[in-house]
1. When we measure straight from the Cα of LYS151, which lysines land under 18 angstrom away, once same-chain ones fewer than 8 places off are left out?
2. Which shape class, rounded, prolate or oblate, goes with the stretch 71-138 when its Cα gyration tensor gives a ≥ b ≥ c as root eigenvalues, a/c under 1.5 marks rounded, and past that a/b bigger than b/c marks prolate?
3. Classify the stretch 140-179 as rounded, prolate or oblate from the Cα gyration tensor: take a ≥ b ≥ c as the square roots of its eigenvalues, call it rounded if a/c is under 1.5, otherwise prolate when a/b beats b/c and oblate if not.
4. Can you tell me which lysines have their Cα less than 28 Å from the Cα of LYS95? Leave out same-chain residues fewer than eight positions away.
5. Put +1 on the Cβ of each Lys and Arg and -1 on the Cβ of each Asp and Glu in the stretch 189-311; which of GLY282, ILE293, LEU219 then has its Cα farthest toward the positive end of the dipole?
6. Within the stretch 212-311, which trypsin sites (Lys or Arg not before Pro) sit in a loop by DSSP and count at most 13 neighbouring Cβ atoms inside 10 Å?
7. Residue separation times 0.36 nm, minus the C-alpha to C-alpha distance between MET170 and LYS82: what's the value?
8. Provide the per-residue ³J(HN,Hα) series for the stretch 134-142, in order, calculated from phi with Karplus coefficients 6.51, -1.76, 1.60 and θ = phi - 60°, each as a whole number of Hz, with x at glycine and proline positions.
Amino acid sequence: MVGDVSDVDPASDPREERPLPAVQRQVPAVAAGQAHAPVPAVGHSDVIDDAIESPVFVTEKLSVSYGTSPAVVDVSLRVPEKQITAFIGPSGCGKSTLIRCFNRMNDLIPAAKVEGTVRYHGVSLYGGDIDSVQVRQRIGMVFQKPNPFPKSIYDNVAFGPKVLGMKGSMDQIVEQALRRASLWDDVKDRLKDNAFGMSGGQQQRLCIARALATNPDVLLMDEPCSALDPISTGRIEDLMHELKKTVSIVIVTHNMQQAARVSDRTAFFIVDMGSSEEARIGRLVEYGPTDRIFTNPHDIRTEEYVSGKFG
């Protein structure tokens, strides 16, 4: 007969929760009894993944602030080429701010200040001789809500190539981009129709086609499915799997199931409240292969987030 659990000496109970061992080059593990989310005491350390031999991006102590308020601090990681990397974490942890560093979109915000290093194929993106327009040609972006131009479907896709003066048949460029976005069969007979007449899912795929028309090397996706229905979301996810054969993808998502379905690697960010409720600072906690992050995370905060205990 099994004895009452009250008879077990806590000091000798093998089931007693103990601090997890620290993992090399990861944030030190936090014991379950220690204060953590939603007001974590985050001790960030370098989480560069040395297993990634051909990174498309490498960041070193990357920090972004707006005026005097830091938004995300000391992020060091390597983003693999021709894979899907997901950034997950609660609202306000700096995921979107960080992804905008990869194509210098933060340059368009006067109060934004970027510190640290961002390298794209070994070249510093914030070097004095780097043209931000050329950066955005090579590193495209799709935003949270579909934002087609008030133009025809054809002109939406052709806009980027025309501005950049790309050579070749514009009809072929438009068709190829629409095919890559799995949209050609839906719109090939109405290319002159206004893009606003499309469904939400079609508009988002049109925005992806518009980004692909300039032949980017990287596609950044900032919560691309948050405004879409499940069927449209599924089509976008299928599209991402197809695109990663030729394009490196970084996606920001609040949908953990989506991150688990589509990504190869996942980075988990958390909010450090700092000295006050207003001082919300984003920090990278853990980064690694998606299956490990979701099934065997090294940090208790990651485990609590992916299991839905906070967020």
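1. LYS162, LYS188, LYS192
2. oblate
3. Details: a/c = 1.79, a/b = 1.68, b/c = 1.06.
Prolate, because a/c is 1.5 or more and a/b exceeds b/c.
4. LYS95 reaches LYS61, LYS82, LYS113, LYS145, LYS244, LYS245, LYS309.
5. LEU219
6. Working: sites: ARG235, LYS244, LYS245, ARG261, ARG265, ARG280, ARG283, ARG292, ARG301, LYS309; in loops: LYS244, LYS245, ARG280, LYS309.
Counting only loop positions with at most 13 other Cβ atoms within 10 Å, the trypsin sites (Lys or Arg not before Pro) in the stretch 212-311 are LYS245, LYS309.
7. 29.0 nm
8. Once rounded to whole Hz, the list reads 5, 4, 6, 5, 7, 10, x, 9, 10.
We did not get these values from a lab; they are worked out from the coordinates using the rules stated. Computed from a prediction, not measured in an experiment: that's the story for all the values here. Cβ atoms come from the backbone with ideal geometry, glycine included; neighbour counts cover every protein chain shown.
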